[in-house]
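The values are calculated or read from the model by the stated rules, or taken from the named source; none is laboratory data. Quick caveat, the model's predicted, so the values are computed rather than measured. Glycine also receives a Cβ, built like all others from the backbone with ideal geometry; neighbour counts cover every protein chain displayed. What goes into the accessible areas is simple: the full protein's heavy atoms, side chains included, and nothing from ligands, DNA or RNA. Shrake-Rupley method; radii C 1.70, N 1.55, O 1.52, S 1.80 Å.
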Amino acid sequence: MKCVLACLCLLPALVFGHDAPNPLVHWDFQQKFVKGGVLQAQKGPDLKVGEVWGKQKWAFLSRGEESLLTVKEVKGADLPPKDLTVSAWVSVHQGVPYGGIVGFFQDNGSDEQGWLLGYNQKHFLVALRSKGNDRMTYLAGKTAFVPGKYYHVCATYNGTSLKLYVNGKLDAESAEQKGAIVYPGAAKLAVGGYVDANENFPMTGSLKEVLIYDLVATAEGVAHDFEHNKVLADQEPAKLAINFEFEAKPFLQMAGTDSMGVNWATNLESDGQLFWGENSKCENALPVSQKSKTHQLRITGLQPDTQYFYRTTTTDSEGRKLESEVRTFETAPMADSPIAFAVISDTQGNPRVASKMANFAWAQRPDFLVIPGDLTSTGTELTHWTKQFFPSMEVLISRVPMYPVLGNHERNADYYYDYMNLPDPEYYYTFTYGPAQFFMVDSNKKCGPGSEQYLWLEKQLKASKAEWKIVVHHHPVYSSDANDYGNLWEQNKSSRGDRNVRAMSKLYDLHGVDLVFNGHIHSYERTWQVKNGKVVSRGGVQYFVTGGGGGPLEEAGPSRPPFQNTVKHGHHYAMVRINGDVFEWQAYDLEGKLFDSLRYRRERK
């Protein structure tokens, strides 16, 4: 390998006919250009690369964990307005539905703007939107790439024709787009990943060079540039040394009186088995139906309120195995049974605190865990799930089922939907556990009268026969926070809570909701009971803000609103216990000390 590399002729710029213009952006992915976690660009903005370089000193090795982003903000005005050439030497080791080599774009529903040089499960592609079209064209090539093999991939656009070249040859062409490129108002210039506002899928492979020009390369120029480094494409496919490991160790969701859901995820596609039984031998087995990175199986035919054991074995395409530890779970009880559950919210970006909360909660042996949102700091970042959330909560969610709702920091990311296995459509759902029915709502979406979730919740509450009705959503109906709903340190105007979900609270009053759990505000608050917007001594709804699972702490405002009973600045978790009409609540701080409690016998509604 060293002899081959020593003979490489590295061109600083793509050849355009007889001219060799300077690129707008040029990244040469040699380790010698990395200083302090930053790849120094030959031209254009530097890239954040962290400490993830492999042993290969002449190319960047990406193990599917981190996309590279520019150190300084890049705007659409900094990029080619119409004439564009993007060139890369790249080796893709694992195809995916959405893969990016380099791009500056948004692709969220009907909001499609910018451009991308990327790949899918089998082919390279280019995507672009111009003023002559209201959607991006995704133009895939015909050449199927061999995993681990180097390719020269180049895309050009001249205002009338979009072209994709692979190894110096035209591989696809489209005339759908016309005119100047339409750029998004906000986006990230990203390399080695498919990155937009709510998605970040890092590449598994290696990069040698990426260049961006504000000119259009000729076919001859592209072919000429490929020939200069053809020795790379002639090499045998390389194997990327990727450890086979869990992205999420087995965790539990959606407990039934006769069933339990078990989820887990690996960094490579795999198959395997879920073993379970009435003792630690786990003598029953369920096979994974197809190879995938995420596995979601359901054990059925169980007895109510009964302890069982489970473990998993997972195997990748090379025959490497991952075996989980034996864990226990307990099925849900019948409707007349007492229950106890933990509430932890806003664990985002602080696995040290989140882990302490999870261990404290597990020590109290809850039946299950409720998470009112913001599981991560940035839901589109893979490592925020794999290196922060799942490891910190594993001690708890591997033993009791987890019931989350989306927070604003999840950004409605695909990772949330990939990892979780909740009833459709997953961003809202309901479940029953013992005497309580829970209604899980996405407060990032519309919650007012006539909205999808409002109509769903109204129907569900009307039909519910549960003894206790509990609603969970991220944003609080009532909050004493200092500045989220109006800066009370600068003026005296505040909505004292989220107006979007406050509109939905009318349903809580009308249909006998007992409890509402929220997060978002990184502090603790317990209200008096509230009904029709007024504080009452009995017969109202009890609201709790439990946003102290790890996020940066916030404080209450300088004045006390009527609904406020107790507030506290500090990280915390809570335990809820229900037995017939008796309700108990305890909140614990970062040291595991009780700082607030409540016990009452509910007045029937």
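For V25, the amide hydrogen comes within under 5 Å of the amide hydrogens of I212, counting only partners 5 or more places away or on other chains and with H modelled in the peptide plane. For the pair region 324-339 / region 214-244, the C-alpha centres are spaced 55 Å from each other. Residues S505, S377 ordered from highest to lowest accessible area at a 1.4 Å probe: S377, S505.
Note on K446 and K75: their simple-model spin labels are 3.2 nm apart, each label 7 Å out from Cα toward Cβ. Rounded to the nearest 10 degrees, the inclination of helix 452-463 to the longest alpha-carbon principal axis of the chain is 30 degrees.
Label-to-label distance, D83 versus K169, with points set 7 angstrom from Cα along the beta-carbon direction: 2.8 nm. Shown is the FRET efficiency for V536 and K387, computed with R0 = 45 Å from the Cβ-Cβ distance and rounded to the nearest 0.05: 0.50. Taking all protein chains as they are arranged and a probe of 1.4 Å, the heavy atoms of M334 leave approximately 110 Å² accessible to solvent. Using C-alpha pairs under 8 Å with a sequence gap of at least 6, the mean separation divided by the residue count of region 204-349 gives a relative contact order of 20 percent.
Largest accessible area first, the listed residues V567, V405 line up as V567, V405 when surface is computed with a 1.4 Å probe on the assembled protein chains. Each residue of region 533-549 was assigned a 3J(HN,Hα) from its phi angle through the Karplus expression (A = 6.51, B = -1.76, C = 1.60, θ = phi - 60°), giving x, 10, 6, 10, 8, 6, x, x, 9, 9, 10, 9, 10, 10, x, x, x Hz with x at Gly and Pro. Computed from backbone phi, the HN-Hα couplings of region 482-488 come to 6, 9, 6, 10, x, 6, 7 Hz, rounded to whole numbers (Karplus: 6.51 cos²θ - 1.76 cosθ + 1.60, θ = phi - 60°; Gly and Pro given as x). Of the solvent-accessible surface of the chain, computed with a 1.4 Å probe and all protein chains present, 48% belongs to carbon and sulfur. Normalised Debye scattering of region 497-537 at q = 0.15, 0.22, 0.31 Å⁻¹ gives log10 I(q)/I(0) of -0.38, -0.84, -1.36, counting only Cα atoms as equal scatterers and leaving out solvent.
Since only L594, W528, N518 are under comparison, the one whose Cα sits farthest along the positive direction of the charge dipole of region 458-605, derived from C-beta charges on Lys, Arg, Asp and Glu, is W528.
When H224, H152, H569, H123 are compared by accessible surface with a 1.4 Å probe, the order from highest to lowest is H569, H224, H123, H152.
Using a probe of 1.4 angstrom and keeping all protein chains present, the accessible surface of region 92-151 works out to 38 square angstrom per residue. Short-range pairs are left out: with C-alpha atoms under 8 Å and at least six residues apart, the relative contact order of region 461-572 is 29 percent. Our helix-only sum for the chain, with -39,500 (n - 2.57) per DSSP H run of n ≥ 4 divided by its residues, gives a mean residue ellipticity at 222 nm of -3000 deg cm²/dmol.
Residues whose amide H lies under 5 Å from that of V102, counting only those 5 or more places away or on a different chain, are L117, G192; hydrogens are built 1.01 Å from N in the peptide plane. Once Cα extents along the principal axes in Å is worked out from the coordinates, which option in (1) 100, 69, 44; (2) 99, 68, 59; (3) 86, 63, 42 does it equal? Computed from the coordinates, Cα extents along the principal axes in Å corresponds to (3). Helix 219-228 axis versus longest C-alpha principal axis of the chain: approximately 90°, rounded to the nearest ten. Annotation: T383 carries an accessible surface of approximately 40 Å², with a 1.4 Å probe and no ligand, DNA or RNA atoms counted. Average accessible surface for region 483-531: 42 Å² per residue, computed with a 1.4 Å probe over protein heavy atoms with every protein chain in place. A 1.4 Å probe run over the protein chains yields, for region 220-345, 47 Å² of accessible area per residue, whole-number rounding.
To the nearest ten degrees, helix 351-363 and the longest principal axis of the Cα atoms of the chain are 40 degrees apart. How big is the gap, in Å, between the Cα center of region 64-85 and the Cα center of region 92-160? Region 64-85 and region 92-160 have Cα centres spaced 14 Å from each other. How many angstrom lie between the Cα centre of region 166-212 and the Cα centre of region 514-574? Taking the Cα centre of region 514-574 as reference, the centre of region 166-212 is 45 Å away.
What is the sum of charges, Lys and Arg at +1 and Asp and Glu at -1, for the other residues whose Cβ falls under 13 Å from the Cβ of L139? Summing Lys/Arg as +1 and Asp/Glu as -1 gives +1.
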